[in-house]
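Here the structure comes first, spelled out in structure tokens, and everything after it is commentary.
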Amino acid sequence: MRKKKIKLKKGNILIVLICIILITLIIISSSKIITWKMENDKTDDMIEHLIDIATSKDDDSDKKILENEDYDDTVKEGDAFHQFSEMDSLYIDFSELKAINSKTVGWIEVRGTNINLPYVQTKDNSYYLTHSFDNSYNSSGWAFLDYRNNKQELDRNNIIYAHGRKNGSMFGNLKTLLTKDWQSKSDNYIIRTLNEKENILWQIFSVYYLPTTNDYIQVKFSSDDEFETFINKMKNRSMFDFKTTVNKDDKILTLSTCYTSSDKLVVHAKMLKKEARN
């Protein structure tokens, strides 16, 4: 009888330990979910606030991003991109943004998505993986330009990174580019960036996902041939044919985000047109 009681006690202790472990796991998981939700909410609030303060003015000098007479004459009336010759630009007050973060270098908008926010640049490609626009800690991170890129002059390959959050924040909405609905609307194939000096339109020519690699984030090229080989490789990876011609004389924009824990989602676009801001 005594042995039976001892076994029962041991069994009860084991059950209690299992319960404690399960409760601990539930608390940890719940805490992570709550933290994730709070960080997402802070990020959404930050984007909304930045849009509000940076676009609150109406400046006629930036009313059109491109004028017809200055538009690329290879884009003829009736072509898919002719309409962008009269596309209204966002007015962005960079002084308001820099008052919050002096590392602000530009603004990006991807048509057909919710991506419409400023991007920054610092001395590495890691800080803004875990910090928000106001430099507070946030695992949502923020959109940032590769530290190797020249923020004053366009490089041949200009790279902007951001997390692909599951709630669609940051570059999470880039997954939309893989859908037939997005691809069926040619007016989506435009990315717009702005900085303190220029408005720039980019025309998408490639979108794909692949196991994590560094071959698409090359910034410097030793020759025209090397750059052209790079462009062709990126174009051939595309999961959709944008029917866009790209060559060694073009400058390109690359957007990079996570697709899964082991894959990256990548978008490439060529510079279609730029103009000086007044």
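At a glance:
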quantity: Filter result for TYR216 (over 21 Å from GLY106 (Cβ atoms), under 20 Å from the mean Cα position of the chain (by Cα), aromatic (Phe, Trp, Tyr) and surrounded by 18 or more Cβ atoms within 10 Å (Cβ to Cβ)); calculated: no
quantity: Meets criteria (under 21 Å from GLY106 (Cβ atoms) and among the acidic types (Asp, Glu)) for GLU226; calculated: no
quantity: Selection from the stretch 244-272 of residues that are part of a strand (DSSP E or B) and more than 13 Å from ILE204 (Cα to Cα); calculated: SER256, THR257, CYS258, ASP263, LYS264, LEU265
quantity: Subset tally (residues that are at pLDDT 95 or above, touching a helix residue (DSSP H, G or I) at 6+ places or on another chain (Cβ under 7 Å) and in a loop (DSSP other than H, G, I, E, B)) for the stretch 116-140; calculated: 4
quantity: Any hit, the stretch 179-197, residues being in contact with a helix residue (DSSP H, G or I) (Cβ under 9 Å, 6 or more places away or on another chain), among the small types (Gly, Ala, Ser) and in contact (Cβ under 8 Å) with a residue 24 or more places away in the chain; calculated: no
quantity: Inter-residue pairs, beta-carbon under 6 Å, first without any contact (Cβ under 8 Å) to a residue 12 or more places away in the chain and surrounded by fewer than 16 Cβ atoms within 10 Å (Cβ to Cβ) and in the stretch 37-56, second of a type in the set (Lys, Arg) and assigned to a helix (DSSP H, G or I), 6+ apart; calculated: none
quantity: Candidates GLY168, GLY172, GLY106, filtered to the one that is modelled with pLDDT under 95, in contact with a strand residue (DSSP E or B) (Cβ under 7 Å, 6 or more places away or on another chain) and either surrounded by 18 or more Cβ atoms within 10 Å (Cβ to Cβ) or not charged (D, E, K, R) (or both); calculated: GLY172
quantity: Among the residues listed as ASP225, ASP250, the single one being surrounded by fewer than 12 Cβ atoms within 10 Å (Cβ to Cβ) and modelled with pLDDT of 95 or more; calculated: ASP225
quantity: First in the stretch 146-163 and at pLDDT below 95, second anywhere and polar (S, T, N, Q), Cβ under 6 Å, 6 or more apart; calculated: LYS151/GLN121
quantity: Flag if SER256 is more than 17 Å from ASP146 (Cβ to Cβ) and among the small types (Gly, Ala, Ser); calculated: no
quantity: Single unsatisfied condition, ASN116 versus (1) surrounded by 18 or more Cβ atoms within 10 Å (Cβ to Cβ); (2) in contact with a strand residue (DSSP E or B) (Cβ under 6 Å, 6 or more places away or on another chain); (3) within 14 Å of ASP44 (Cα to Cα); (4) not charged (D, E, K, R); calculated: (1)
quantity: Failed item in (1) at pLDDT below 95; (2) surrounded by fewer than 17 Cβ atoms within 10 Å (Cβ to Cβ), with LYS273 passing the rest; calculated: (2)
quantity: Restricting the stretch 141-157 to residues that are part of a loop (DSSP other than H, G, I, E, B) and either of a type in the set (Gly, Ala, Ser) or within 13 Å of the chain's Cα centre (by Cα) (or both), the residue that is nearest to VAL246 (Cα to Cα); calculated: ASP146
quantity: Those residues of the stretch 209-232 which are in a loop (DSSP other than H, G, I, E, B) and of a type in the set (D, E, K, R), in sequence order; calculated: ASP215, LYS220
quantity: Top-ranked residue of the stretch 194-209 - restricted to ones that are farther than 10 Å from LEU272 by Cα and modelled with pLDDT under 95, ranked as surrounded by the fewest Cβ atoms within 10 Å (Cβ to Cβ); calculated: LYS197
quantity: Flag if SER132 is surrounded by 16 or more Cβ atoms within 10 Å (Cβ to Cβ), in contact (Cβ under 8 Å) with a residue 40 or more places away in the chain, within 30 Å of LYS185 (Cα to Cα) and within 15 Å of the chain's Cα centre (by Cα); calculated: no
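The values are calculated or read from the model by the stated rules, or taken from the named source; none is laboratory data. This one's a predicted model, so the numbers in the text were calculated from it and none came from an experiment. Please note: Cβ atoms are built from the backbone with ideal geometry, for glycine as well, and neighbour counts cover all protein chains shown.
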